[in-house]
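Only one structure is covered here, and it is reproduced in the block below.
FYI, it's all coordinate maths here, none of it is from the lab. All of these numbers come straight from a predicted model, not from anything done at the bench. We place every Cβ from the backbone using ideal geometry, glycine too, and count neighbours over all the protein chains shown.
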């Protein structure tokens, strides 16, 4: 599968491919040229799942072929516990940063319970739009971003620069791509930078993208979406 293509070009290719796929799907369905009516949201969800699924599969195959990743050991219960405890610690740390941000900019404060147990999703009455948002938040973003940053870019820099520089480059770029949608001030940038550093360290612990993807999914609200938001709004 294109083994002759240089590694940096693969990173760029997959980054552009993801933007084109997501942007193209949104553009096509906004035009509504197929006159799908109420079914448009359902078909957008289906097409997104298929296209992103193909992209992730290709990324997995290329990543395996280029970097030949080897997990340091088989996954154990302690590894899952470690990821979950890291998630709780990370969420609490980001909560403290959000309080700092609210004091610095005079914005509203979130209660600790709401911060931990509510999904950061735009509320909507359309279940397919909600499902697409949840899919992007919990599955698509963690899969794509972890493959791109911890999988491709991180391993691309391995052996070329020392660990601290590698971590800094990957973490800063990870935080930078969230401008301006999710980051509006330097305190929020700091929060995303901390998240990226933790994801980097979790990946390096076992050299396992599964660990990083799991933590990223948890951070983005997996438990919340499954057990609180969806039941409250649709059942």
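So what is the relative contact order for region 1-129, in percent, with contacts set as C-alpha pairs under 8 Å and at least six apart? Intermediate values should be presented prior to the final figure.
Values: 33 pairs, mean separation 36.3, N = 129.
Value for region 1-129: 28 percent.
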Report summary line: FRET efficiency for residue 163 and residue 40 from the Cβ-Cβ distance with R0 = 35 Å, rounded to 0.05, comes out at 0.15
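What 222 nm value per residue comes from the helices of the chain, counting each DSSP H run with n ≥ 4 as -39,500 (n - 2.57) and dividing by all residues, nearest 500 deg cm²/dmol? Mind dumping the intermediate values first?
Working: 11 runs with 157 residues, N = 235.
It comes out at -21500 deg cm²/dmol, rounded to the nearest 500.
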Report task. Report which label in [x] 7, 28, 35, 23, 7, 0; [y] 8, 34, 37, 18, 2, 0; [z] 7, 29, 34, 20, 8, 2, 0 holds the value of P(r) over Cα pairs in 10 Å bins from 0, in percent derived from the coordinates of this structure. Result -> [x]
Query raised in the report: Quick one: Cα centre-to-centre distance for region 98-174 and region 5-52, in angstrom?
Result: 20 Å
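In nm, what is the difference between 0.36 nm times the number of residues separating residue 97 and residue 117 and their Cα-Cα distance?
Working: separation 20, 0.36 × 20 = 7.20 nm, distance 1.71 nm.
My answer for the length gained is 5.5 nm.
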Query - Label-to-label distance, nm, for residues given as residue 227 and residue 73 (7 Å Cα→Cβ offset) - result: 2.8 nm
Report summary line: Once both label points are put 7 Å beyond Cα along the C-beta direction, the residue 172-residue 207 separation in nm becomes 2.7 nm
